[in-house]
């Protein structure tokens, strides 16, 4: 009986071994060292796809839910806190060798990165790859330093501070907008050679030479570099203060104001055409006008001066009417605008309302009001010029009126400003017109009345003052009063 129980247990153990040992034997997988498809990874927003190939065995050991991941070390090759840069979908990788594509994080910057491969079911990890340089060039375009001023100077025994512009000049894409970046400063040693000077966002220069800075992308080449600045030491007298225009020279005023910038100093004074520009005492000066601009810079124990002949590319234009014009009711005024604009476009307005049918450089105006015409250059330097003018109804000094008015309001509003009487009593009708105060003082007496009283200030002593008139013609005499309302 005892031996029968022992035999029964041995049979059960053997069955268990037969059923489960093959799964246990296949529950492990070995992943080979990843092979890199590149020698260095210089990524950017234009290109950021890299591949690695690896082997694993046995393939049938992978669970259907298995996922392969690619982990990347830090810049020193340490996997203490790795970054996962790729994860496959469950069960998608089943054959060996396998090739996986991945992308670099935009904070990648270093010379000794490594990657390794991991599986999830069953769990396994490869050894690390060979070290490689990897950088994500988050900023990969030229930028400016020293506000794009090509020269600088410092007094003997002093120094000059070069800085990266932020935001800089014009369309400058300043790398200072990307806090993760670092920088290397260089000094030129020849037409195509240079020597490393220092790291940092700025550089204090105390030695003459030509300097520039590059974003630190290690062994990766890039377009993230600055303009050159030539710095000189001034022992006495005046140094040259270069002036840079943010919109270039010539510049297009349609792009707004151009900013003139000179080298850094203690104080500044700007001039235009030889005349001091009052209040222009900063390192920068904005303008949209052509002219000869100069600046004087105090560097401490020495000074610097510079000048630029600034030219605006704004086209020329003229209009053939005056600021104020008059026409009679029913007449028209022909306006013509002449310009040198390329592919010009014209917009005409009356009292700030667009005249939709007026699209040419000429217009025949028949309505009274305030006019405006805008001519725009639609190619090249995109800019506009504007002309304003007024068309008034011609003044008739002798309008036909039925009655002699008894109220005048000389307030300059263009209505009832003077005493207008019927035309049969005015100039050329042999009529005598007499106007006197309420005390009998004669203020006007004429045989050729021009509908122009009062021409002068009456020195009124009350708000509404009364005057009296006598109109005498060959046929009749008219008398009455005139109230002058202030």
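Summary of computed values
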{"read-out": "Sequence ranges 212-222, 188-198, 35-45, ranked by mean other-Cβ count within 10 angstrom, highest first", "value": "212-222, 35-45, 188-198"}
{"read-out": "The chain: relative contact order as a whole-number percent, Cα under 8 Å and 6+ apart", "value": "8 percent"}
{"read-out": "Pairwise label distance in nanometres, residue 413 with residue 219, each label 7 Å out on the Cα-Cβ vector", "value": "8.7 nm"}
{"read-out": "Alpha-carbon centroid distance for the pair the range 216-267 / the range 269-302, whole angstrom", "value": "16 Å"}
{"read-out": "Computed over the range 31-132, Cα set: Rg, Dmax in Å", "value": "13.3, 39"}
{"read-out": "Net lengthening on full extension, residue 277/residue 347 (0.36 nm per residue, minus Cα-Cα)", "value": "21.7 nm"}
{"read-out": "Alpha-carbon gyration tensor eigenvalues x 5, square-rooted, for the range 146-234, Å", "value": "22, 16, 12"}
{"read-out": "Two-site FRET efficiency, residue 120 against residue 161, from Cβ-Cβ distance with R₀ of 56 Å, rounded to 0.05", "value": "0.55"}
{"read-out": "Relative packing of 232-242, 115-125, which averages over residues the other C-beta atoms within 10 Å, highest first", "value": "115-125, 232-242"}
{"read-out": "Relative intensity, log₁₀ I(q)/I(0), of the range 238-310 from a Debye sum that treats every alpha carbon as a point, q = 0.15, 0.26 Å⁻¹", "value": "-0.44, -1.21"}
{"read-out": "In degrees, nearest ten, helix 2-25 long axis to first principal axis of the chain (Cα)", "value": "40 degrees"}
{"read-out": "Relative contact order (percent, whole number), the range 153-223, Cα cutoff 8 Å, 6+ residue spacing", "value": "34 percent"}
{"read-out": "Highest to lowest packing among 139-145, 469-475, scored as the average C-beta count within 10 Å", "value": "139-145, 469-475"}
{"read-out": "Convex hull of Cα atoms in the range 407-485, direction-averaged projection (nm²)", "value": "5.1 nm²"}
{"read-out": "Computed [θ] at 222 nm, deg cm²/dmol, the chain (DSSP H ≥ 4; -39,500 (n - 2.57); rounded to nearest 500)", "value": "-1500 deg cm²/dmol"}
{"read-out": "Estimated FRET transfer efficiency when R0 is 56 angstrom, pair residue 266-residue 99 (beta carbons, to 0.05)", "value": "0.35"}
{"read-out": "Projected label distance in nm at residue 483 and residue 402, using a 7 Å step from Cα toward the beta-carbon", "value": "2.1 nm"}
{"read-out": "Relative contact order, percent, the range 238-310 [alpha-carbon distance under 8 Å, six or more residues apart]", "value": "37 percent"}
{"read-out": "Length released on extending from residue 360 to residue 334, taking residue separation times 0.36 nm less the Cα-Cα span", "value": "8.1 nm"}
{"read-out": "Per-pair calculated FRET efficiency, R0 = 41 Å: residue 284 and residue 78 via Cβ, rounded to 0.05", "value": "0.30"}
{"read-out": "Residue list for the range 42-85, given a label point 7 angstrom along the Cα-to-Cβ vector of residue 177 and an amide N cut-off under 19 Å", "value": "44-47"}
{"read-out": "Cα shape, the range 228-278, gyration tensor, a/c 1.5 rule", "value": "oblate"}
{"read-out": "Share antiparallel - DSSP beta bridges, the chain, percent rounded to 5", "value": "85 percent"}
{"read-out": "Option label - Rg and Dmax of the Cα atoms in Å computed here, alternatives (i) 44.8, 169; (ii) 23.3, 76; (iii) 25.8, 83", "value": "(i)"}
{"read-out": "Distance from the range 436-472 to the range 78-97 (C-alpha centre basis), Å", "value": "105 Å"}
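Here, each number is a calculation from the coordinates, and none is a lab measurement. Since the model is a prediction, treat every value here as computed from it, not as a measurement. So basically every Cβ, Gly included, is an ideal-geometry build from the backbone, and we count neighbours across all protein chains shown.
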